[in-house]
Amino acid sequence: MTLPSEIPLFPLKVVLFPGMLLPLHIFEPRYRRMLQVCQEKQEPFGLVLANTEGRPHLIGTAAHIQRVERLPDGRSNILVLGQERFRVQGFRYDQPYLVGQVEPFPLPGSRSQAAQRYAEKVRAALRDYMIALESGAGQHLSIQDLPDESDGLANLVAIALQVEPDVKQMLLEAPSVAEMLRLERRLLDTETQILRYMERTRPLADEAGPATPN
């Protein structure tokens, strides 16, 4: 599907990546209307990260509606699939919801030599991270098969990383596959070290017991 030149924008405290499935709960009247319009036109809306002041970032991902469960009181549970990255060029304010004038923002360089080199390093770093995540934080991250394509790998790692939305937004805004993978390799290494430290120090914390008031 060709990305429309104007799409409704849905600012949230979450970052959507291409290939990512995301469940959402739609309850505000303006976004109920947005959902209705998108379904009627069979077009996506744009999911953008809201900053600390509530304003949307200018790089987002088109959210294609996969499933809608309408509730008796007018609310809806929906499932969306992230597809195209886009850049917001301008805004319209004549609807109950924000409308963005957008252009595609593709992620180039999936076959570059730099991307291929980083992809191999990221695959190894991701395996270490998954082991550390389960051991240090008690979270199980199940990934059956890693994508062969470097851009697919970059998006999968961005989805899997347990980091703050602002960090994920930095990954979404990466100018190339190689740069996205380079950032992910650094993040994976850092997060793995933190998780391993948590695992090493947990027995000491357990032995110390709860703090007592003075």
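Kindly put R117, R85 in sequence by how many other C-beta atoms sit within 10 Å of each C-beta, fewest to most. Please list the in-between numbers first.
Numbers: R117 14, R85 22.
Starting with the residue having the fewest Cβ neighbours, the order is R117, R85.
Amide hydrogen proximity for L161: with H placed 1.01 Å from N in the peptide plane, no residue at 5 or more positions away or on another chain lies under 5 Å. Each Lys or Arg adds one and each Asp or Glu takes one away; over the other residues whose Cβ falls under 9 Å from the Cβ of P104, this sums to 0. What does the charge add up to near L58, with Lys and Arg as +1, Asp and Glu as -1, over the other residues with Cβ less than 10 Å from its Cβ? Value of the local net charge: +1.
Here's the picture: charge each Lys and Arg Cβ at +1 and each Asp and Glu Cβ at -1 in the stretch 113-206, and of T192, A119, V177 the one pushed furthest to the positive end of that dipole is T192.
Return a whole-number percent for the relative contact order of the chain, with Cα pairs under 8 Å and 6 or more residues apart as the contact set. Numbers along the way, then the final one.
On the way: 358 pairs, mean separation 45.0, N = 214.
Relative contact order comes out at 21 percent.
Straight-distance candidates among the lysines for linking to K168, with alpha-carbon spacing under 24 Å and chain neighbours fewer than 8 residues away dropped: K13, K121.
Protection proxy ranking for 152-159, 190-197, using the average of other Cβ atoms within 10 Å per residue and placing the highest first: 152-159, 190-197. Once you reduce the stretch 100-139 and the stretch 26-78 to the center of their Cα atoms, the two points are 27 Å from each other.
Rank the residues D145, D151 as a footprinting-exposure proxy: fewest other Cβ atoms within 10 Å of their Cβ go first. Can you show the working numbers first?
On the way: D145 6, D151 22.
The fewest-first ordering by Cβ neighbours comes to D145, D151.
For the chain, the 222 nm mean residue ellipticity estimated from helices alone, with every DSSP H stretch of n ≥ 4 adding -39500 (n - 2.57) and the total spread over all residues, rounds to -14000 deg cm²/dmol. 3J(HN,Hα) couplings calculated from phi for the stretch 96-103 with the Karplus curve 6.51 cos²θ - 1.76 cosθ + 1.60 (θ = phi - 60°) are, in sequence order, x, 10, 6, 10, x, 8, 10, 9 Hz; Gly and Pro show x.
Rounded to the nearest 10 degrees, what's the angle between the helix 29-41 long axis and the longest principal axis of the chain, both from Cα atoms, 0 to 90? Orientation of helix 29-41: about 70 degrees from the principal axis.
Taken together, the values in this text are just the output of simple stated rules run on the coordinates, not laboratory data. The model shown is predicted, which means the values in this text are computed figures rather than measured ones. Using ideal geometry, Cβ is built from the backbone for each residue, glycine included, and neighbour counts are taken over all protein chains shown.
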